[in-house]
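J.: Sharing a structure below in structure tokens format, with a few things to ask.
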Amino acid sequence: MIEIAACESHEHRNEPIIPMVFSALALEKAARLFRALGDESRLSLLVRLSNREACVTEIAESFGEGASTISQRLRLLRSEGLVKRRRDGKHLYYSLVDEHIHNLLANAIDHSQEHKGAKL
């Protein structure tokens, strides 16, 4: 068994730590957002929508899945504020809700491709 010695306070930097303070509600919403992103199928769907908006049928065809499966994923992603929809006649078009989500996806995927000690 490896024993780890506790550090002494004089070994720490003397730079002040600036705490990031968020409300409990903000942290809860962020946790839900990450849970929604934590499913590979939903994440793949969001990446698909990061290029342009698309209707459920178009998405289902591109993934080779049923429209009801895609609709369920979109419903969850919409309830978590990750996608929005726009009606045009009988079609519902989905897109990312804003640039924050696009950036979050790009950063997550970029980070996952860094092989610095990560087990892929």
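J.: Would you check which residues across region 1-53 are under 30 Å from residue 63 (Cβ atoms) and assigned to a loop (DSSP other than H, G, I, E, B) and list them?
T.: 38, 39, 52, 53
J.: Okay, next question. Go through region 14-54 and report how many residues are in contact with a strand residue (DSSP E or B) (Cβ under 7 Å, 6 or more places away or on another chain) and over 22 Å from residue 66 (Cβ atoms).
T.: Going through region 14-54 one residue at a time, the tally reaches 1.
J.: What pairs can you find where one residue is in region 25-53 and in contact (Cβ under 8 Å) with a residue 60 or more places away in the chain and farther than 16 Å from residue 75 by Cα, the other is charged (D, E, K, R) and in a helix (DSSP H, G or I), and their Cβ atoms are less than 7 Å apart, with a gap of 6+ or different chains?
T.: Listed pairs, sorted by first residue: none to list.
J.: Quick one: which of 65, 58 is outside any helix (DSSP H, G or I) and either surrounded by 14 or more Cβ atoms within 10 Å (Cβ to Cβ) or touching a Gly at 6+ places or on another chain (Cβ under 6 Å) (or both)?
T.: Details: 58 fails: outside any helix (DSSP H, G or I).
That would be 65, the only listed residue that is outside any helix (DSSP H, G or I) and either surrounded by 14 or more Cβ atoms within 10 Å (Cβ to Cβ) or touching a Gly at 6+ places or on another chain (Cβ under 6 Å) (or both).
J.: Which ones in region 19-51 are at pLDDT below 95 and among the β-branched types (Val, Ile, Thr)?
T.: 21
J.: Looking only at region 68-120, how many residues end up being free of Cβ contacts under 8 Å to residues at least 12 places away in the same chain, surrounded by 10 or more Cβ atoms within 10 Å (Cβ to Cβ) and assigned to a loop (DSSP other than H, G, I, E, B)?
T.: Total meeting the criteria: 1.
J.: Taking residue 62, is it out of contact with any Leu (no Cβ under 9 Å at 6 or more places or on another chain) and hydroxyl-bearing (Ser, Thr, Tyr)? Spell out how you get there, then give the answer.
T.: Values: out of contact with any Leu (no Cβ under 9 Å at 6 or more places or on another chain): yes; hydroxyl-bearing (Ser, Thr, Tyr): yes.
Answer is yes for this residue.
The values are calculated or read from the model by the stated rules, or taken from the named source; none is laboratory data. Since the structure is predicted, the reported quantities are computational estimates derived from the model, not experimental observations. Please note: Cβ atoms are built from the backbone with ideal geometry, for glycine as well, and neighbour counts cover all protein chains shown.
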